[in-house]
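Here, each number is a calculation from the coordinates, and none is a lab measurement. These figures come from a predicted structure and were not determined experimentally. A quick note on method: Cβ atoms are made from the backbone with ideal geometry, for glycine too, and the neighbour counts reach across all protein chains shown.
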Amino acid sequence: MLITLYSLNKYYRMGKTNFHALKNINLEIKQGEFIMIMGKSGSGKTTLLNILGFLDKFNSGKYIFDGKDVSNISENMRSEYRNRYVGFIFQQFNLIHSLNIFQNIELPMIYNREKVSAEEKRKRIMSSLEAVGLGDKANSYPNQLSGGQQQRVAIARALVNNPSIIFADEPTGALDSETSRDIMTVLSNLNKQGKTIIMVTHDEDLTTYASKVIRLKDGQFLTEV
């Protein structure tokens, strides 16, 4: 099992009270699954995604990742896990407009402690770009690309360190329907190649791509199919 959660709880301090964002979450995710997490705003889906991706901590429960208990690891170790095992895709692309596409994709490799030669770095960046159909855009800048192309760049950036899991938070939320389908085709193909995809969305039409759909309401699992 790649990920197992046991009775996970998350609270946020709001004034003098605690907001119970996630309530006794139990979850198993296998390597190679395509998971979609759905729910209304405030249901806890992004909070769950951030915890799974080592961006946020939780208050109680247990998180087992690839057979290791990572519930109480240090911030340095959380950063290490993010750099080594995780790739992130966000709704707003989060590209740096002063850098060209090659340089944007290079950023996760700069933060990764793995020592890679310049030639190997270039090979991996170009391979990631080619995987999303943008092998000819390495020298372009984000403002020269369409929204769909920018999201493809964000996917390439998520791939460059060869992560075990790709976490996607509303990756089609800022795109039109046709471009959304293109992005989902890219993610689906990556999943078929063995990548585990965990994606937050509110779009019911996208559930056909998933191997498992998790629905949250008020911080609790409503259904899991």
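Hey, fewest Cβ within 10 Å first, where do 19, 65, 167 land in order?
Numbers: 19 12, 65 22, 167 26.
Lowest count first: 19, 65, 167.
Which of 48, 206, 129 moves the most in a Gaussian network model of the chain with Cα springs under 10 Å?
Of 48, 206, 129, the most mobile in the Gaussian network model is 206.
So what J values fall out for the range 68-78 if you push phi through Karplus, 6.51 cos²θ - 1.76 cosθ + 1.60 with θ = phi - 60°, rounded to Hz, Gly and Pro as x?
10, 6, 10, 4, 10, 6, 5, 4, 4, 5, 4
Taking the Cα atoms of the range 100-175, report the difference between the largest and smallest coordinate on each principal axis, in whole Å and largest first.
Dimensions of the range 100-175 along the principal axes of its Cα atoms: 36, 27, 18 Å.
Under the Karplus relation 6.51 cos²θ - 1.76 cosθ + 1.60, θ = phi - 60°, what is the ordered set of whole-Hz ³J(HN,Hα) values for the range 9-22, x standing for Gly and Pro?
Per-residue couplings from phi come out as 10, 9, 10, 10, 7, 10, x, 9, 10, 9, 8, 8, 6, 10 Hz.
Can you give the FRET efficiency to the nearest 0.05 for residue 9 and residue 111, using r as the Cβ-Cβ distance and R₀ = 25 Å? Spell out each step's value before the answer.
Details: r = 30 Å, r/R0 = 1.21.
The value I calculate is 0.25.
Going by amide H atoms built from the backbone, whose H comes under 5 Å of the H on residue 200, apart from near neighbours?
37, 168, 169, 170
Work out from phi, with θ = phi - 60° and the Karplus expression 6.51 cos²θ - 1.76 cosθ + 1.60, the ³J(HN,Hα) of each residue of the range 88-100, listed in order in whole Hz, and give x for Gly and Pro.
Whole-Hz 3J(HN,Hα) from phi for the range 88-100: 10, 10, 10, 4, 9, 6, 6, 8, 8, 6, 7, 10, 6.
Most fluctuating residue of 63, 12, 141 in a GNM of the chain with Cα springs under 10 Å: which is it?
Checking each option, the largest mean-square fluctuation is seen for 12.
How do 56, 176 line up, fewest other C-beta atoms within 10 Å first?
176, 56
Can you compute the equivalent ellipsoid semi-axes for the chain, i.e. the square root of 5 times each eigenvalue of the Cα gyration tensor, sorted largest first and rounded to whole Å? Don't jump to the answer; show the numbers that get you there.
Numbers: eigenvalues 172, 83, 53 Å².
Taking √(5λ) for each Cα gyration eigenvalue gives 29, 20, 16 Å.
Hey, quick one: spin label on residue 143, modelled 7 Å out along Cα-Cβ, who in the range 90-113 has an amide N within reach, i.e. under 18 Å?
Only 93-104 pass the distance filter.
Do the alpha carbons of any pairs in 123/195; 68/192; 10/45 sit beyond 22 Å of each other, and which pairs?
Violating the 22 Å limit, Cα to Cα: 68/192.
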